[in-house]
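A short worksheet on the structure shown next.
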Amino acid sequence: MKLSVAGTGYVGLVAGVCFAEKGHVVTCVDVDEEKISQMRQGISPIYEEGLEELLKKNIDKGRLFFTSDYQSAYSDADAIFIGVGTPEQPDGSANLRYIAAVCRQIAQSVTRDCLVVVKSTVPVGTNDKVEQFIKDNLERDVTVRVASNPEFLAQGNAVYDTMHAARIIIGTEDEVAKKTLLDIYAPFDLPIVSVSRRSAEMIKYACNNFLALKISYMNDIANLCELVEANIDDVAEGMRYDPRIGAKFLKAGVGYGGSCFPKDTKALTYLARQHGAQLKTIDAAVEINAQQKTRLFEKAKKRLMTFENVKIAVLGLAFKPGTDDLREAPSLDNVRLLLEHGADVVCYDPIAAQNFHKRYPNVPLANSVEEALEGAFCCFIFTEWEEFVRLTPEVFRRKMRVPLVYDGRNILDPELMKRGGVEYYSIGR
Ligand code: UGA
């Protein structure tokens, strides 16, 4: 099928590349000319395992195109997927201006009946507005159907998550739209859940909010574990075998970050308030997460006499491993606090260092863990990169002035660290 994808961020680009891989002819549209020319040369603007290979392969096969000329991309597409951002506004609501801009372009460009598919995370009811808005602005006598098809990929795993999605949600009451989406997804051979448009929109928020809630719940329990001398890792191990609970998202730590959970929890509580309701569970999850992010900093503050001119090593900046994304990363809150308290901060991250440098050009970056630890009085770990998991007590002792470690992702063994002469603190154990 002839597909177009609006927006080449995580959602749009990965969807476009995977659709091409499954045999569709795909044109990805973005306003950013520089990005377009980069992608045409087979360079992915985001770091995602396997993405660049598939991008190059499908360009070579003549199935994947990039353009900033929306008119040509939308005019005779069978389906147009919208994957542009819906950033958070100061009041917590989702900003729909990029969606509106794409809808206007679609209305101006389509020359035949087509399906518009909203992949971006949008508040319940947005698909109705999208349909009306396109209808109001159409320049030709054609039928444009609108369906919801939320995306569940996680950064760092985006290609795998798309190719092996747990399910595809198709949200439409229209049989023609449903049939088109079923045809598009047929080559993926994945379970399909077909629901109303509004339910599809809600499923996306319900999932992300549930996962955020699960993490905050585990962090809440972890903090209690510390008080009663239980171990949160053991507790999680005992919980994960219960299929009603599930084995994933039970990891306690310095809280969730990224471009999704923080934004989507706010957007859902905003939606509830708009309807005179309150989501007390989500409010609590958000509050716990905010406190959790700086929990280790607060502990270190009690332990150290001062941060003033004290060398502090920060290992891990990305909001999770496998990505260079720093949005809402717990590392940022902590670096800001450390700097405010006068610490000499040195950071290391295998992938996200350059993005960090754009935000904090004056904070020195180390080229390796050992370089970051050299002469430090204290070390914080904020991302569970594989190379940190392998760290031994010996390296902390050898490199640091004082082997004092705050592990915000519970990746090191407390007993091993203690026996190896490291003063080690983590979360809930
Ligand atoms: C999340 C969802 O997992 C995806 O299903 C969804 O499609 C995506 O948002 C989205 O809406 O676009 P993502 O934000 O990329 O994906 O990353 P996650 O793997 O969910 O991690 C989010 C945060 O939670 C990270 O900071 C991670 O460290 C933290 N986390 C995760 C924990 O603290 N504990 C856990 O057990 C799991």
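Of E139, E151, which residue is open to solvent by 10 Å² or more (accessible area, probe 1.4 Å), outside any strand (DSSP E or B), more than 20 Å from L268 (Cβ to Cβ) and not assigned by TED's automatic domain parsing to the domain that holds T383?
That would be E139, the only listed residue that is open to solvent by 10 Å² or more (accessible area, probe 1.4 Å), outside any strand (DSSP E or B), more than 20 Å from L268 (Cβ to Cβ) and not assigned by TED's automatic domain parsing to the domain that holds T383.
Kindly provide the set of residues from region 236-255 that are closer than 26 Å to A329 by Cβ and either in the same structural domain as G408 (by TED's automatic domain parsing) or among the β-branched types (V, I, T) (or both), ordered by number.
Across region 236-255, the qualifying residue is only V254.
Sort through F210, F249 and tell me the only one that's assigned to a helix (DSSP H, G or I) and either farther than 15 Å from S426 by Cα or in contact with a Gly (Cβ under 9 Å, 6 or more places away or on another chain) (or both).
Sole residue among the options that is assigned to a helix (DSSP H, G or I) and either farther than 15 Å from S426 by Cα or in contact with a Gly (Cβ under 9 Å, 6 or more places away or on another chain) (or both): F210.
State all residues of region 11-34 that are surrounded by fewer than 20 Cβ atoms within 10 Å (Cβ to Cβ) and touching a residue at least 12 places away in the same chain (Cβ under 8 Å); if no residue qualifies, say none.
K22, G23, V25, V31, D32, E33
I'd like the full set of residues that are within 23 Å of the chain's Cα centre (by Cα) and among the aliphatic types (A, V, I, L, M), limited to region 297-326.
Once the filter is applied, which keeps residues that are within 23 Å of the chain's Cα centre (by Cα) and among the aliphatic types (A, V, I, L, M), region 297-326 yields V314, L315, L317, A318, L326.
Matching residues to (1) more than 30 Å from K299 (Cβ to Cβ); (2) open to solvent by 40 Å² or more (accessible area, probe 1.4 Å); (3) of a type in the set (F, W, Y):
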site	(1), (2), (3)
I168	yes, no, no
V176	yes, yes, no
F210	no, yes, yes
M218	no, no, no
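Picking from I215, I192, I184, which residue would you name as being under 29 Å from R104 (Cα atoms), at pLDDT 95 or above and in contact with a Phe, Trp or Tyr (Cβ under 8 Å, 6 or more places away or on another chain)?
Going through I215, I192, I184 in turn, just one is under 29 Å from R104 (Cα atoms), at pLDDT 95 or above and in contact with a Phe, Trp or Tyr (Cβ under 8 Å, 6 or more places away or on another chain): I184.
The values are calculated or read from the model by the stated rules, or taken from the named source; none is laboratory data. Not measured: the values here are computed from a predicted model. Using ideal geometry, Cβ is built from the backbone for each residue, glycine included, and neighbour counts are taken over all protein chains shown. Please note that ligands, DNA and RNA were not included when accessible areas were found on the heavy atoms of the full protein model with its side chains. Shrake-Rupley method; radii C 1.70, N 1.55, O 1.52, S 1.80 Å.
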